1. Accessible area, 1.4 Å probe, largest first: how do Ile111, Ile88, Ile24 sort?
2. Determine the principal axes of the Cα atoms in segment 56-136, then give the extent along each, sorted from largest to smallest and rounded to whole angstroms.
3. Protein chains only, probe 1.4 Å: how do Glu91, Glu78 rank by accessible area, largest first?
4. Could you sort Leu65, Leu94 by accessible area so the largest value comes first, with the probe set to 1.4 Å?
5. So, R0 is 35 Å and r is the distance between the beta-carbons of Asp105 and Arg135; what FRET efficiency does that work out to, to 0.05?
6. Expected output is a single nm value to one decimal: the length gained when fully extending between Ser128 and Leu60, i.e. 0.36 nm times separation in residues minus the C-alpha distance. What is it?
7. Cβ neighbours within 10 Å, averaged per peptide: list 97-106, 114-123 in order, most packed at the top.
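The values are calculated or read from the model by the stated rules, or taken from the named source; none is laboratory data. Remember, it's a predicted structure, so these values are computed and weren't measured experimentally. When we count neighbours, we look across all protein chains shown, and the Cβ atoms used for this are built from the backbone with ideal geometry, even at glycine. Please note that ligands, DNA and RNA were not included when accessible areas were found on the heavy atoms of the full protein model with its side chains. Shrake-Rupley method; radii C 1.70, N 1.55, O 1.52, S 1.80 Å.
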Amino acid sequence: PNPWCVCERSSHDIMTCTSRDLGIAIASVLATLLYVRLDVGGMPRTVLGRPKARGERAFLLIVTLHFPEPSRSAALLEAWRAAADYCIEREPFLYAYEVAQSDKDPRNYTILERYRSKHDYLGAHRKSSAFAAFRP
């Protein structure tokens with residue numbers, strides 16, 4: 001018996017399943033594939049589902065910011081989050097886009113951006129609407 005569905009044998013020894021049971025089986029397979037983020041090439045993936053890379057000459061941009069008062073950083077975080085959402089979704093050449101607050105001084109922030117190349121950063125990223133909105 002097939003564990004995925006209630007099967008019936010026909011006179012020609014062919015098993016048939018109801019469409020509901022078949023739908024459950026397909027949904028289970030798709031859920032499993034999404035969960036493990038199966039990649040045909042077998043490359044490891046980041047938590048965002050992007051392929052991890054080794055030995056590439058990526059372009060890394062590190063920006064440090066200091067605010068006179070911790071409360072003034074809220075506007076930065078809100079604007080950065082909108083830009084980050086846009087970039088992560090629409091820029092496949094973007095490997096990392098993160099912001100971190102210092103554990104020693106809450107007025108200090110570091111933004112880390114990692115791109116496939118400096119050309120990608122200077123070209124498509126800097127010409128994006130998200131970049132223009134974040135850095136008017």
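1. On the way: Ile111 5, Ile88 50, Ile24 75 Å².
Per-residue accessible area, sorted high to low, gives Ile24, Ile88, Ile111.
2. 35, 26, 18
3. Working: Glu91 5, Glu78 135 Å².
Heavy-atom accessible area, descending, gives Glu78, Glu91.
4. On the way: Leu65 50, Leu94 0 Å².
Order by accessible area, largest first: Leu65, Leu94.
5. Working: r = 24 Å, r/R0 = 0.68.
After rounding, the FRET efficiency stands at 0.90.
6. Numbers: separation 68, 0.36 × 68 = 24.48 nm, distance 1.82 nm.
Stretched out fully, the Ser128 to Leu60 stretch lengthens by 22.7 nm.
7. Numbers: 97-106: 12.3, 114-123: 16.0.
Per-residue Cβ counts within 10 Å, averaged per peptide and sorted highest first, yield 114-123, 97-106.
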